[in-house]
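Engineer: One structure follows; several queries about it will come next.
The values are calculated or read from the model by the stated rules, or taken from the named source; none is laboratory data. Because the structure is a prediction, the values reported are computed rather than measured. We place every Cβ from the backbone using ideal geometry, glycine too, and count neighbours over all the protein chains shown.
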C-alpha cells in the first residue's frame with residue numbers, strides 16, 4: 001500500500017514537472033507565433049491600404065464596415081439579401097454533397113486500381129487525362145447537362161473530389177506489405193476478410209490523406225464556380241461585393257473562406273485520428 005502511494009506521488013510530481021516544461025512551449029507554438037504571423041499579415045495589409053486608400057480600406061475601417069455582417073451573420077432582409085452565415089451554409093452544402101458523392105465513387109475505384117493490375121492499366125490513362133483538366137472547364141458541360149446552377153456546381157465539386165482520393169487510395173492499397181497478404185493466403189483467409197482486416201486498415205491513412213486533399217480543393221473550387229454561376233453562396237458574395245467596389249466585405253469573405261477551410265481540414269484530421277487511432281501529425 002505504501003509502495004503504491006509512493007509510486008502515485010512520483011508519477012504526480014513527474015507529471016507536474018513535464019507540464020511546467022511543456023506549457024511555455026505550447027503557449028509559444030499555439031498562441032504567440034501564430035499571433036505574430038497574423039499581425040504581420042495585418043501590418044502588410046495596412047501598409048498597402050495606405051498607398052491605395054481610395055479603393056482599399058485599412059483593417060480598422062474594414063472591421064467597422066463589416067460589423068453588421070459579423071454581429072448578424074444570419075439576417076434575412078428580403079429576397080437575396082441574406083447574412084454571410086446563410087451564404088456560407090449554402091456553399092458548404094454544395095461542397096459536402098459533391099465531396100461525399102466523390103468519396104463514394106473514388107474509394108472503391110481506388111481499391112480496384114490498387115488491387116488489380118488490369119484495372120490499373122485500363123483506368124490509369126483516363127485518370128491521367130482528366131486529372132489536369134481545370135475544374136472550371138467542367139462547368140459548361142455541367143450546365144449543358146443539368147441546365148441549373150446548383151446541381152452543376154455540385155457536379156464540378158464531384159469531379160474535383162475524385163482524383164486525389166482515387167490516387168491516394170490506390171497508392172495505399174498497393175503499399176500493403178506483400179508478407180501480410182502471403183500469410184493471409186497461407187491461412188486461407190477469404191478475399192473479403194483480407195480486404196476488411198488487412199488491406200482496409202493498412203490503407204486508411206492514405207485514404208484520409210486523399211480525402212483531405214480533395215476537400216481542400218473542393219472548397220477552393222466552389223468559390224470560383226459560384227462567381228460564374230451566381231445565386232446564393234460565398235463565392236457570388238465575393239464577386240458581387242467587388243462589383244460594388246466594396247473591398248471591406250471582400251476582405252471579410254476571404255477571412256471567412258480561409259477559416260472555414262481550416263476548420264474543415266481540422267475536422268477531417270480529427271475523424272482520421274478517431275478511425276485509425278493514430279495521430280495525424282508526428283509529435
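Engineer: Could you please let me know if residue 215 is surrounded by 17 or more Cβ atoms within 10 Å (Cβ to Cβ), under 14 Å from the mean Cα position of the chain (by Cα) and under 30 Å from residue 150 (Cβ atoms)?
Structural biologist: yes
Engineer: In segment 36-149, which helices (runs of 4 or more DSSP H) lie fully inside it and hold 1 or more residues that are at pLDDT 90 or above and crowded, with 16+ Cβ neighbours inside 10 Å?
Structural biologist: 84-115, 117-130, 139-146
Engineer: Which residue is surrounded by the fewest Cβ atoms within 10 Å (Cβ to Cβ), if the candidates are limited to segment 181-196 and must be in contact (Cβ under 8 Å) with a residue 12 or more places away in the chain and closer than 28 Å to residue 270 by Cα?
Structural biologist: Top of the filtered list is 195.
Engineer: Checking residue 271 against (1) more than 23 Å from residue 100 (Cα to Cα); (2) surrounded by fewer than 18 Cβ atoms within 10 Å (Cβ to Cβ), only one condition comes out false. Which one?
Structural biologist: Evaluating residue 271 over (1) more than 23 Å from residue 100 (Cα to Cα); (2) surrounded by fewer than 18 Cβ atoms within 10 Å (Cβ to Cβ) leaves (1) as the failure.
Engineer: Just one of (1) over 30 Å from residue 70 (Cβ atoms); (2) surrounded by 16 or more Cβ atoms within 10 Å (Cβ to Cβ) trips up residue 157, so point out which.
Structural biologist: Only one criterion in (1) over 30 Å from residue 70 (Cβ atoms); (2) surrounded by 16 or more Cβ atoms within 10 Å (Cβ to Cβ) is unmet by residue 157, namely (1).
Engineer: Give 221, 250, 238 a once-over and let me know the one that is assigned by TED's automatic domain parsing to the domain that holds residue 159, in contact with a helix residue (DSSP H, G or I) (Cβ under 8 Å, 6 or more places away or on another chain) and touching a residue at least 24 places away in the same chain (Cβ under 8 Å).
Structural biologist: Matching residue, one of 221, 250, 238: 221.
Engineer: Output the number of the condition that residue 245 fails; it satisfies all remaining conditions of (1) in contact (Cβ under 8 Å) with a residue 12 or more places away in the chain; (2) within 17 Å of residue 55 (Cα to Cα); (3) part of a helix (DSSP H, G or I).
Structural biologist: (3)
Engineer: Please go through segment 118-150 and pick out each residue that is within 20 Å of residue 207 (Cβ to Cβ) and without any contact (Cβ under 8 Å) to a residue 40 or more places away in the chain.
Structural biologist: The answer is 119, 123, 124, 131.
Engineer: Which residue out of 70, 104, 113, 84 is in the same structural domain as residue 213 (by TED's automatic domain parsing) and under 20 Å from residue 157 (Cα atoms)?
Structural biologist: 104
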